[in-house]
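S.K.: Got a structure for you, written out below as structure tokens; questions coming shortly.
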Amino acid sequence: MNQTTLHSSSGGILGLLLTLLPELTIAAAIFVAIHSLRQKNRHGLPVWPLVGMLPSLLLGLRGNMYEWISGVIDRMNGTFVFKGPWLTNLHCVVTADPRNLEHLLKTRFASFPKGPYFRGTVRDLLGEGIFNADDEEWRRQRKEASLRFHSAEFRKLTAESLVELVHSRLIPVLEDSLAQHAELDLQDVLLRLTFDNVCMIAFGVDPGCLSPGLPIIPFAKAFEDATEASVVRFITPTALWKALRYLDIGTERKLRRSLERVDQFAYNVIRKREQDLLIKGSTAAASKSDLLTAFMKDDEEGKPFSEKFLRDICVNFILAGRDTSSVALAWFFWLVDKNPAVEERILEEVCRIVGGRSDGGGDLDHDEVVFRPEEVKRMDYLQAALSEALRLYPSVPVDHKEVVEDEVFPDGTVLKKGTKVIYAMYAMGRMESIWGKDCRDFKPERWLRDGHFSSESAYKFTAFNGGPRLCLGKDFAYYQMKFVAASIVYRYRVKVVNGHPVVPKLALTMYMKHGLKVELSRRDKSELRRFL
Ligand code: HEM
């Protein structure tokens with residue numbers, strides 16, 4: 001074959017290919033589509049070449065992401081494997097099967113730590129604190145924190161700090177909005193309340209976020225910015241956020257700056273407390289029972305904790321307690337507004353308790369009623385209603401673990417060492433197989449046995465996690481939510497503003513994206529007397 005024939009024949013093939021290009025493209029697209037849709041039957045979502053399930057995830061992100069996950073999990077009977085794009089770290093197993101939850105949270109706890117990916121991502125914010133610790137370091141902190149958190153002085157402090165916050169700060173702010181006939185963002189008010197409260201119990205300092213005029217408090221703002229910037233790292237490739245951190249630009253610059261302000265506040269409080277303790281000695285130490293002061297009284301081997309350790313423990317507790325109970329309360333008030341029969345039963349219970357006071361408390365002007373710890377404990381129906389709100393809107397909607405050795409879940413899912421596991425609490429609250437046909441209804445009654453609150457297995461109701469890493473603040477959180485809810489319901493009717501959109505925000509905590517705009521009206525005394 002001479003040069004000319006070679007040229008003309010290759011030109012012919014090329015020409016033929018070019019003519020067929022549209023047909024070839026369509027055929028390839030049809031093949032990929034059929035292949036991906038076949039994969040959908042097996043995996044619950046189409047798997048595309050190179051990008052895996054990313055297109056479906058992006059579509060899910062446009063709407064309510066948690067409902068989207070619930071739908072896929074439901075179709076896949078409780079567990080699905082998410083295949084991320086090639087060469088990314090988005091591959092994971094997503095589960096809402098209680099058997100798998102028990103396996104990873106309790107039975108094989110040691111095989112499912114938070115893992116290096118999670119810990120590396122949030123280390124700048126959380127340091128080596130309890131939320132970000134695994135193995136021995138976690139065990140030591142859990143034991144130390146548990147001892148202090150469940151002490152009698154600590155319980156007294158939490159109860160007293162709540163009375164102070166609700167009666168001297170929350171009610172005046174609510175009264176202001178009532179007097180001005182103004183709408184109020186109840187979620188914002190509750191977030192301020194729990195931020196002040198957790199700082200009081202962690203640092204022994206009240207930042208004053210919940211004050212008339214709802215001011216911006218630099219420490220609270222810095223904490224919020226630092227948390228938001230840390231969360232961005234989870235949706236950014238690791239190499240990219242590390243490069244941004246190195247160059248000190250974008251969200252990484254924001255993170256560095258806000259962390260400087262958080263640390264400045266924390267170390268100032270720590271050093272001031274150290275000085276106070278040195279000057280005033282044991283009297284001052286005895287008079288304060290916040291976590292920081294408690295941790296300054298040496299570890300169990302008699303050695304003092306470092307300033308960095310004290311900073312980490314306080315920052316971790318603030319993160320744990322600053323928004324979890326407030327968002328739960330916001331969803332609770334929204335659900336109660338939609339379910340007047342539930343509101344009536346809560347009011348009835350609270351009034352019955354006040355009316356039963358042996359010292360004639362039932363005659364008190366209702367503006368002056370301060371609930372007592374033993375009364376809060378007896379509010380079974382209220383606890384049921386709060387649990388029901390948490391079942392449907394868990395404050396932590398999804399959580400994460402990383403498996404450190406090859407494992408098999410009880411449902412047969414094979415997990416290779418290093419696999420990330422997401423457990424979907426939001427989806428669990430909506431599974432017929434767990435809660436029955438009425439799983440999407442708000443029914444506090446499902447939590448009552450013979451009129452008393454009865455808790456569920458922590459592997460079905462996972463809002464507070466389960467196993468050795470069960471939420472350390474669970475009892476306190478219930479007490480706090482019950483005290484705040486009862487104090488509000490007893491005084492005011494809370495109506496969500498007509499047409500106000502209520503949807504979850506995509507974040508680590510289940511915030512309402514647009515807050516909760518409400519109007520308050522004062523409860524008539526005759527309304528309460530019906531039950532007193
Ligand atoms: C409705 C309120 C709350 C809910 C739904 C809740 C939920 C949770 C969940 C799901 C975890 C596990 C997180 C993880 O390991 O990834 C957790 C852990 C934790 N929570 Fe809570 N929490 C609430 C309130 C609080 C409060 C008010 C505090 C303290 C003031 C607190 C302190 C902690 C601590 C220290 C941990 C870490 C436990 C450990 O890793 O050993 N929580 N909580």
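Please treat every number below as a calculation from the coordinates, not as lab data. What you see is a predicted model; the values in this text were computed from it and never measured. Virtual Cβ from ideal backbone geometry, glycine too; neighbours counted across all protein chains shown.
S.K.: Return the Rg/Rh ratio of segment 211-283 with Cα-based radii and a Kirkwood Rh.
M.R.: Looking at segment 211-283, the ratio lands at 1.18.
S.K.: Over the Cα atoms of segment 96-245, Rg to Rh with Kirkwood Rh, two decimal places?
M.R.: 1.05
S.K.: So, one more: Along the Cα-to-C-beta direction of Ser287, a point sits 7 Å from the Cα; which residues of segment 205-228 have their amide N less than 18 Å from that point?
M.R.: Under cut-off, by backbone N: 205-206.
S.K.: Given R₀ = 51 Å, FRET efficiency for Ser454-Leu18 by Cβ-Cβ distance, to 0.05?
M.R.: 0.10
S.K.: Between His181 and Arg440, what length comes free when the chain is fully extended (0.36 nm per residue of separation minus the Cα-Cα distance, one decimal in nm)?
M.R.: Extending this stretch completely gives an extra 89.8 nm.
S.K.: Residue farthest toward the positive end of the dipole of the chain, with Cβ of Lys/Arg at +1 and Asp/Glu at -1: which of Met53, Ala328, Leu244?
M.R.: So the residue furthest toward the plus end is Met53.
S.K.: Residue farthest toward the positive end of the dipole of segment 372-485, with Cβ of Lys/Arg at +1 and Asp/Glu at -1: which of Val414, Phe453, Met379?
M.R.: Met379
S.K.: In Å³ and rounded to a whole number, note down the convex hull volume per residue for the Cα atoms of the chain.
M.R.: Cα-based convex hull of the chain, divided per residue, equals 211 Å³.
S.K.: A follow-up question, please. In a shell of Cβ-Cβ distance under 10 Å around Pro501, excluding Pro501 itself, what net charge do Lys and Arg (+1) and Asp and Glu (-1) give?
M.R.: Cβ neighbours under 10 Å give a net charge of +2.
S.K.: Here's a follow-up. Can you tell me the order of 341-350, 222-231 when each peptide is scored by its average per-residue count of other Cβ atoms within 10 angstrom, highest first?
M.R.: Sorting 341-350, 222-231 by mean packing, highest first, produces 222-231, 341-350.
S.K.: Still on this structure: Mind checking the dipole of the chain: about its Cα centre, +1 per Lys or Arg Cβ, -1 per Asp or Glu Cβ, Debye to the nearest 20?
M.R.: The dipole magnitude comes to about 1020 debye.
S.K.: While we're here: Provide the gained length on full extension for the span Lys474 to Glu228, in nm with one decimal, where the gain is 0.36 nm per separating residue minus the Cα-Cα distance.
M.R.: Between Lys474 and Glu228, full extension yields an extra 86.2 nm.
S.K.: Could you work out Rg/(2.2 N^0.38 Å) for segment 314-355, with Rg from alpha carbons only?
M.R.: It is 1.61.
S.K.: Quote the charge dipole size of segment 224-334 about the Cα centre in Debye, to the nearest 20; the model charges only the Cβ of Lys and Arg (+1) and of Asp and Glu (-1).
M.R.: Once rounded to the nearest 20, the dipole reads 320 debye.
S.K.: Same structure again: Please grab the % of Cα pairs in segment 479-532 that end up more than 16 Å from each other.
M.R.: The share of Cα pairs beyond 16 Å in segment 479-532 comes to 59 percent.
S.K.: Give me the one-decimal nm value for the distance between modelled label points at Ala152 and Asp359, 7 Å along each residue's Cα-to-Cβ direction.
M.R.: Rounded to a tenth, the inter-label distance reads 2.0 nm.
S.K.: Sorted from largest to smallest, which semi-axis lengths in Å does the alpha carbon gyration tensor of segment 155-220 give for its equivalent ellipsoid, taking the root of 5 times each eigenvalue?
M.R.: Semi-axes (√(5λ), whole Å): 21, 14, 8.
S.K.: Could I ask something else about it? Need the full-extension length gain, Glu164 to Asp206, defined as separation in residues times 0.36 nm minus the C-alpha distance. One decimal, nm.
M.R.: Separation in residues times 0.36 nm, less the Cα-Cα distance, equals 14.0 nm.
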